[in-house]
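The values are calculated or read from the model by the stated rules, or taken from the named source; none is laboratory data. All figures in this text were calculated on a predicted structure; none of them were measured in a lab. Don't worry about glycine lacking a Cβ; one is built from the backbone with ideal geometry, like all the others, and counts go over all protein chains shown.
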Amino acid sequence: MPNPLRNLPSVSQLLESPPLKKMVDTVSHNTVVGGVRTVLGSLRDRVSSATEDINIPSANELAETIASWIKKNQQPVLVPVINATGVILHTGLGRSPLAKEAVDAINEVAMGYCSLEFDLESGQRGQRVHCVQQLLCELTGAEAATVVNNNAAATMLTLGALGGGGEVIVSRGQLIEIGGSYRLPEVMETSGAKLREVGATNKTHLRDYEDAIGEETRALMRVHPSNFKIVGFTKEVSLEDLVKLGRKHGLPVIDDIGSGALIDFARYGVSEEPISSASIDAGADVVLFSGDKLVGGPQCGIIIGKKKYIARIMKHPMMRAMRVGKLTLSALWATLRLYQDLDKAELSVPILQMLSTPLENLHLRSDKIAKQIELLPFVESAEPVQDHAMLGGGSLPTEKIDTWCVAITPQEKTIEQITTALRTSSPAVVARVQKEKILLDMRTVQPSEDLKLVDVFSNLFES
Ligand SMILES: *Cc1c(COP(=O)(O)O)cnc(C)c1O
């Protein structure tokens with residue numbers, strides 16, 4: 001039997017073919033050669049492992065295949081998405097979008113050198129997080145502050161610095177898991193501190209903490225159960241009482257508040273999110289929260305609290321492994337600055353903008369978009385419906401935010417076909433599927449994206 005592989009065109013033959021020859025103008029010669037080798041290689045593998053005859057494509061067909069393979073590989077993997085899920089802090093979609101002011105601040109320092117660890121007045125080496133320390137203290141009432149890569153890092157570092165080599169006491173009702181890979185008991189173990197669980201899942205009393213305090217105790221910790229709620233016969237110790245107990249025994253109280261609101265979100269109908277300044281007021285020694293949840297800034301972990309504890313945390317060797325760079329710090333600084341004027345923050349910080357949009361506004365937008373989408377051939381009906389948006393995948397499921405959506409019933413195409421086409425269009429659109437309908441939640445679609453959204457729908461099955 002003749003070896004079908006002998007009919008494969010050679011690399012040099014393919015490189016001379018018109019489609020690939022043309023490509024060398026837009027991508028490098030090495031990229032084209034790499035593409036030719038990869039596609040040829042996988043074709044060879046397929047032919048030699050095939051149990052029946054495989055048609056060997058002609059040189060021209062093969063060149064076309066390789067050209068489109070290279071084109072696809074030149075596309076970035078990280079692309080913009082229109083978030084129509086209604087989940088405001090969607091971790092899979094990059095959590096909080098940044099304010100324009102934050103992006104401008106990144107732009108200012110990204111391409112050149114900057115004063116990251118350099119005090120321009122004295123010409124001496126400076127403190128990296130200096131630029132945001134004062135703002136964080138001003139906005140939260142804390143004595144001192146520092147910033148690391150995310151709240152998981154903030155927790156691990158704080159536990160290592162204040163609890164390492166000893167025990168940290170936590171209520172059994174607060175041993176949270178967030179997003180699968182974050183589990184407080186495991187974070188604690190990795191930090192070098194020993195977890196001392198007290199109380200029961202539904203009830204923990206002050207005396208449970210008190211009874212557990214001993215020689216080995218280094219700190220008391222409270223964790224905000226961001227993504228679940230124990231209801232019924234429950235009891236948790238208040239932060240104030242925990243602080244009193246800590247003082248009595250000379251132990252610091254660490255408060256992991258999770259989302260870390262800088263303002264009271266009750267104004268948006270979100271009432272269960274702890275406010276960072278309230279924890280400081282209640283006397284917590286160290287308060288931990290994320291920068292990209294309710295702060296609405298870049299991914300980072302914010303640590304605020306008493307000077308002596310923050311100093312200890314910053315001296316810990318893990319601090320260096322978790323530090324943030326100039327892009328994060330400039331974006332955080334610009335975001336925090338917006339909070340100095342709440343009206344300005346509501347206009348500029350995207351998550352505050354989304355939460356403060358009046359319901360009637362969402363209704364009008366969903367109505368307008370529905371009318372345009374309903375005209376499309378694969379749509380049986382599209383209509384505005386009132387529903388509930390959510391703060392975040394990792395926030396309380398009971399915290400529902402009123403919203404308006406466009407509810408779409410397809411015809412000729414399935415829901416799956418449409419949502420797949422939406423996800424792979426440009427820009428990509430991620431929607432919510434509920435009760436056999438595709439819902440586009442206007443709470444998380446920015447007004448500037450409305451036209452794009454209709455455009456994506458109109459071109460969905462065009463090519
Ligand atoms: C989200 C969350 C974390 C993890 O924060 P990241 O910034 O995602 O690392 C830790 N603790 C609580 C209570 C949280 O809600």
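In the set (1) part of a helix (DSSP H, G or I); (2) surrounded by fewer than 17 Cβ atoms within 10 Å (Cβ to Cβ), the condition left unmet by Arg365 is number (2).
Return yes when Glu138 is touching a Cys at 6+ places or on another chain (Cβ under 9 Å), of a type in the set (Asp, Glu), over 30 Å from Asp441 (Cα atoms) and part of a helix (DSSP H, G or I) and no when it is not. In short, no.
When we screen Glu167, Glu186, Glu108, Glu121 for residues that are modelled with pLDDT under 95, more than 13 Å from the ligand (Cβ to nearest atom) and at negative phi, the only hit is Glu121.
Each row is one residue, and each column tells you yes or no for (1) in the same structural domain as Pro225 (by TED's automatic domain parsing); (2) in contact with a Phe, Trp or Tyr (Cβ under 8 Å, 6 or more places away or on another chain); (3) part of a strand (DSSP E or B).
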position	(1), (2), (3)
Thr146	yes, no, yes
Ala152	yes, yes, no
Met156	yes, no, no
Leu162	yes, yes, no
Ile169	yes, yes, yes
Glu186	yes, no, no
Glu189	yes, no, no
Glu197	yes, no, yes
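Within the range 268-287, the set of residues being in a strand (DSSP E or B) and more than 12 Å from the ligand (Cβ to nearest atom) comprises Ile275, Val286. Restricting the range 111-137 to residues that are touching a residue at least 60 places away in the same chain (Cβ under 8 Å) and under 12 Å from Ile304 (Cβ atoms) leaves a set whose member that is surrounded by the fewest Cβ atoms within 10 Å (Cβ to Cβ) is Cys137.
For every residue, the table says whether it meets (1) part of a loop (DSSP other than H, G, I, E, B); (2) closer than 30 Å to Leu359 by Cβ; (3) of a type outside the set (Phe, Trp, Tyr).
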position	(1), (2), (3)
Ala266	no, yes, yes
Phe289	no, yes, no
Asp292	yes, yes, yes
Ile303	no, no, yes
Arg323	yes, no, yes
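When the test is whether a residue is within 16 Å of the ligand (Cβ to nearest atom) and surrounded by 19 or more Cβ atoms within 10 Å (Cβ to Cβ), Leu294 passes it.
Restricted to the range 250-266, and to residues there that are more than 11 Å from the ligand (Cβ to nearest atom) and in contact (Cβ under 8 Å) with a residue 60 or more places away in the chain, the residue that is surrounded by the fewest Cβ atoms within 10 Å (Cβ to Cβ) is Ile263.
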